[in-house]
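All remarks here apply to the structure that follows.
The values are calculated or read from the model by the stated rules, or taken from the named source; none is laboratory data. All values derive from a computational prediction rather than experimental measurement. Methodologically, a virtual Cβ is constructed for each residue, glycine included, from the backbone with ideal geometry; neighbour enumeration extends over all protein chains shown. The protein model used for the area step is the full one, side chains on, heavy atoms only, and it has no ligands, DNA or RNA in it. Shrake-Rupley method; radii C 1.70, N 1.55, O 1.52, S 1.80 Å.
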Amino acid sequence: MSTPHEGSACTTCGACCHSYRVEFAVYELASAGGSVPDGLTEPAGGIRCRMQGTGAVPIRCTALEGRLGERAHCRIYPLRPSPCAELQEGSYGCNKARVRHGLPPLGEWLGD
Ligand code: SF4
Ligand code: SF4
């Protein structure tokens, strides 16, 4: 999928991209045969790397464009690393990020 599906909250949200340290194995880098553009990442120790902008607060992934909760979108969506691809819209991690940034949860949210 090259973009979030039509009607998806992910087409405007970006809360997760402002919330989490996005780390993954260097094997996901384009230079290693994966997809993630090397130039948007930084070393994270050993065989790990991370998306620039997610290593310290305030977090904002360098691949995110637009304003949080309004028109935010990932400019490498089809190439994004596994932690991003695995975070499901409406999941606990999704809603935790949304609530943290003042956005309404998707579906039932019991908090933590
Ligand atoms: S926090 Fe949830 S709705 Fe927002 S961009 Fe991430 S996965 Fe999509
Ligand atoms: S790579 Fe894309 S989906 Fe992942 S945190 Fe960055 S902007 Fe968000």
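Here are some notes:
- Its DSSP H runs of at least 4 residues, each contributing -39,500 (n - 2.57), put the calculated 222 nm mean residue ellipticity of the chain at -3000 deg cm²/dmol, to the nearest 500.
- The range 1-57 versus the range 68-93: alpha-carbon centroid distance in Å: 9
- Principal axis box of the chain, alpha-carbon based, largest edge first, Å: 39, 29, 21
- Once the chain from R67 to T3 is taken as fully extended at 0.36 nm per residue, the excess over their C-alpha distance is 21.3 nm.
- A simple spin-label model places the labels of T11 and S91 2.2 nm from each other, with each point 7 Å out along Cα-to-Cβ.
- Order by protection proxy (mean Cβ within 10 Å, highest first), peptides 6-19, 33-46: 6-19, 33-46
- Per atom type, the chain shows carbon and sulfur on 55% of its accessible surface, probed at 1.4 Å.
- Counting only protein heavy atoms and a 1.4 Å probe, the range 9-100 has 52 square angstrom of accessible area per residue.
- Label-to-label distance for V57 and S35 is 3.1 nm, based on points extended 7 Å past Cα in the beta-carbon direction.
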